[in-house]
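Read the structure below first, then the notes.
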Amino acid sequence: MQTFTIAVIAGDGVGQEVIPQAKRVLEEVARRQKFTFAFQDFDWGSAHYFRWGRMMPAGALDLLQPCDAILLGAVGHPDIPDHTTLNGLLLPIRRAFDQYANVRPAVLYPGVQSPLALRRGEQIDLVVVRENTEGEYAQVGGFVYSHQPEEVAIQTAVFTRRGIERVVRHAFELAVKRNKKRRVTSITKSNAQGYGMVLWDRTFQAVAAEFPDIETESLLVDAAAMNFIRRPESFDVVVASNLFGDILSDLSAIIVGSMGLAASANIDPSRRFPSMFEPVHGSAPDIAGKGIVNPLATILSAGMMLEHLGEAQGAAAVERAVAAVLADGKARTPDLGGASTTQEVTDAVLEKLG
């Protein structure tokens, strides 16, 4: 019987609440599909930082590397600057394991109300592929005259042809696999950023030539933001830099109903290293501990993990169950206008799996 070793980092805030629910779903899928999980839980995050002055221990990456995948809940605490939490846990994992493709689907499921007028279930079905290891988040730069009145901060974006080409290629391959609108949209700001973004445009065109059956579109990021609102149903696969992909994927999550439905995967397509799967909603300290956080983003992320592990039937079963719960409309957390608890929504997913 196949056993998958999964590193589990519940992390902070609502991460502590959604991860146990996702594990319940994974264990039920494994029971039905005749494989098993060996979960390795790591208590890293803000509590670790308050005790030891760092988000994870010095040998953390060595502990994660042998695992088949990583399931992450959330990272962030109101009393710790965001750049400390991100650079202390998330970004080191993404870079060390070369998880260069951040994949964020956005599906308007039947039964969910979009904030956009006249949009109905299944009219929006897109995925944002975000370059995940360089670009604007490369952390190249520094301070001069730190904490003095004349302080200077230099932040440099780093774009490489290799980095752009491989994430763009992943986007085209995903468009082929999805076989829906068969369109890839590239997002830049090359009219104002005449080096890195121009290299992106040129590289996108070169890769597109290898996929003549896939329609292409290139948009400036401000136009893309407008079109995500004006014509979201026209998008299929969207590929963008680290910063632009980060912003647009959050926008795509909102137009399909809630951040509580926003799943994501940090993928190393070469499979040299473990990939990491996490909900997009963050630690949500305002509702942490109340038992009302939406678990569906984490459950859908777990479904993406199943697909990555080669368990396509289990992954499809998870998505069908989530879609059925949303269409049924009885079990809903407050972010979707309901009054159900986190556990009650998970119970409904487990019931639909049956």
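Read-outs throughout are calculated quantities, based only on the coordinates presented, and are distinct from any laboratory measurement. Keep in mind that what you see is a predicted model, and the values were worked out from it rather than measured. No Cβ is skipped: glycine too gets one built from the backbone with ideal geometry, and neighbour counts run over all protein chains shown.
Odds and ends about this structure:
- In this structure, the residue pairs whose Cα-Cα separation is over 23 Å, taken from Lys23/Lys181; Lys34/Lys181; Lys177/Lys352; Lys34/Lys352; Lys34/Lys177, are Lys23/Lys181; Lys34/Lys181; Lys177/Lys352; Lys34/Lys177.
- Among Gly142, Gly257, Gly163, the largest mean-square fluctuation in a Gaussian network model of the chain (Cα springs under 10 Å) belongs to Gly142.
- Chymotrypsin sites (Phe, Trp or Tyr not before Pro) restricted to segment 116-155 and DSSP loop, no more than 12 other C-beta within 10 Å: Tyr145
- Percent of Cα-Cα distances greater than 12 Å, calculated over segment 132-181: 71
- Taking the DSSP beta bridges with both ends in the chain, the antiparallel portion is around 45 percent.
- Most fluctuating residue given options Gln193, Gln123, Gln65, as computed from a GNM of the chain linking Cα atoms under 10 Å: Gln193
- Segment 302-354-segment 215-232 distance, computed between alpha-carbon centres (Å): 30
- Its alpha carbons considered, segment 125-255 gives a radius of gyration followed by a Dmax of 16.1, 56 Å.
- Between the residues Phe204, Ala175, Met304, the greatest Cα displacement towards the positive end of the dipole of the chain, with unit charges on the Cβ of Lys, Arg, Asp and Glu, is found for Ala175.
- Cα-based shape type of segment 1-123, given that a ≥ b ≥ c are square roots of the gyration tensor eigenvalues and the cut on a/c is 1.5: oblate
- Taken about its Cα centre, the chain carries a charge dipole of about 760 debye when Lys and Arg each add +1 at the Cβ and Asp and Glu each add -1 at the Cβ.
- Cα-based shape type of the chain, given that a ≥ b ≥ c are square roots of the gyration tensor eigenvalues and the cut on a/c is 1.5: rounded
- Take every Cα pair under 8 Å whose residues are at least 6 apart in sequence, average their separation, divide by the length of the chain, and the relative contact order is 22 percent.
- Prolate/oblate/rounded call for segment 202-311, Cα gyration tensor, a/c under 1.5 rounded: oblate
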